[in-house]
Amino acid sequence: MASARDIRRRIKGVKATGKITRAMEMISAVKMRKAVSAVLAIRPYAESVIQVLHQLAVVGEDHPLLAVRKVKRELYVVITSNRGLCGAFNSQIIKRVRQILREDTDREASFITIGKKGDAAVRRLGGEIVASFPDVLGTPKAELMRPIAKILIEAFESKKVDRVVMVYTDFKSMLSQEVKVRALLPVVEKDVQKALNEIEHGAIKERVLNAEYVIEPSPKKVLWKMIPRLLEMELYHAVLESNASQESARMMAMRSATDAGKEMAADLTLAYNQIRQGKITQEIAELSAGMAAVSR
């Protein structure tokens, strides 16, 4: 059984850890509010991007990024975090990647990782990493997505890969985040429509879907210029969604750790008081027995 001194030390250590987790929770809350604001601001633009992609896919002009081929080689863009202490955020993404690899055993897979945790996990799985971009998560900007989009486009156009898929976490609420698997290339109408249906802006979606577009100077020229830019916007949107999900998961994980620390400190304090009470009772009993022996 632990001594009173050991329990006092444990109480002190638990309370100190609780202060750290509380501070981390507050920092994550600030970062989460900032990330959520960025996500809410970009979602209308992301929806418009998907709407335009939908219209361009319907046009069906001859463009290399619209070419549908038999899938033998796939390139996965895996978006995770650079740091841990965010609950099951990273493990859920890696679990989904493992599931995809188990299902697609007849296809060759390569990876582009955004986030150090995803990079380390893919290496443990023995996956081929084409490129890694951990730095874009710190301060996400649309222009930082350009090198990633360039690699994707070059790999697809050169027929090194037949399909490009993105795995990321979609922010639903502070308590809910969902891992999404979205096809980026080729730009296919059904994939774009699926992504469009996942965005919860029904009124806007219906209004835009019923619109007709006049494309100048020609659909082909517009396709060649717009698809790379639209791809960058899709990547940027996914990174912002992932950042908001990450900070939300980290805040909730730190809150749970703080609450668990408080419970542990309360249990240890109770155990410490019981030991103290036991010692006091024993000393009183010994004192009473000594006084009784002297008075005889």
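General remarks:
- Overall form of the range 91-167 per C-alpha gyration tensor (a/c, 1.5; a/b vs b/c): oblate
- Overall form of the range 1-159 per C-alpha gyration tensor (a/c, 1.5; a/b vs b/c): prolate
- By average C-beta atoms within 10 angstrom, highest first, the peptides 261-271, 116-126: 116-126, 261-271
- Accessible surface of the range 75-188, 1.4 Å probe: 48 percent of it comes from carbon and sulfur atoms.
- Solvent-accessible area assigned to carbon and sulfur over the range 221-265 amounts to 63 percent, based on a 1.4 Å probe.
- The H on the amide N of residue 184, modeled in the peptide plane, is under 5 Å from the matching H of 164, 165, 166, each at least 5 residues off or on a different chain.
- Placed amide H near residue 109: partners under 5 Å, 5+ positions off or other chain: 74
- Ligands, DNA and RNA are left out, and with a 1.4 angstrom probe the accessible area of the range 101-165 is 56 Å² per residue.
- Too-long pairs where the Cα-Cα distance tops 25 Å, listed order kept, from 180/221; 70/150; 141/172; 34/116: 180/221
- Remark: the range 2-52 carries 62 Å² of accessible area per residue (probe radius 1.4 Å; ligands, DNA and RNA excluded).
- Prolate/oblate/rounded label for the range 73-130 (Cα gyration tensor, a/c 1.5): prolate
The values are calculated or read from the model by the stated rules, or taken from the named source; none is laboratory data. Since we're looking at a predicted model, the values are computed, not measured. Neighbour counts are summed over all protein chains in view; Cβ atoms, including those assigned to glycine, are modelled from backbone coordinates with ideal geometry. Please note that ligands, DNA and RNA were not included when accessible areas were found on the heavy atoms of the full protein model with its side chains. Shrake-Rupley method; radii C 1.70, N 1.55, O 1.52, S 1.80 Å.
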